[in-house]
Each structure stands twice: as structure tokens, then as C-alpha cells.
Amino acid sequence: MQFSPSTHFVSFAKAVLYRGAGFGMVWRDCILIAAFGLLFFGVALMRFRRMVAQMQT
């Protein structure tokens, strides 16, 4: 489950909402969430471009 973005978001949200954690404590979760987002966006963009290319031929 460590490769799921929701795991890191829940960890981030619990730290901020329940413990009042600052950015110094949650920066790793923020970076991991952003990295997963970029990874999923990149995969979706590649699939989209591939589908558009297939439709044009």
C-alpha cells in the first residue's frame, strides 16, 4: 500500500488536522503525492496520445 497515493494523503491529512503539523513534518508526503500525480498524469498522457494517433490512421 505504500505505492498508493491515498496512503500518503491520509498520513498528510491526519498530521495536519489532528496534530497541527507544519510543512517540515509533512514535506515527504507532499513530495510523494506530487510524484505519484506526475507519474499517473504521464501514463494517462501517453495513453491519450496513443489513442489519438490510432484514431487518425
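The table for this structure:
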{"quantity": "Positions within region 15-57 being under 25 Å from GLN2 (Cα atoms) and not in a helix (DSSP H, G or I), in sequence order", "calculated": "GLY20, ALA21, GLY22"}
{"quantity": "Single condition PHE9 does not satisfy, out of (1) assigned to a helix (DSSP H, G or I); (2) exposed (fewer than 13 other Cβ atoms within 10 Å of the Cβ); (3) touching a helix residue (DSSP H, G or I) at 6+ places or on another chain (Cβ under 8 Å)", "calculated": "(2)"}
{"quantity": "Residue within region 21-34 that is of a type outside the set (A, V, I, L, M, F, W, C), more than 15 Å from the chain's Cα centre (by Cα) and surrounded by 10 or more Cβ atoms within 10 Å (Cβ to Cβ) present", "calculated": "yes"}
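Taken together, the values in this text are just the output of simple stated rules run on the coordinates, not laboratory data. Because the structure is a prediction, the values reported are computed rather than measured. We place every Cβ from the backbone using ideal geometry, glycine too, and count neighbours over all the protein chains shown.
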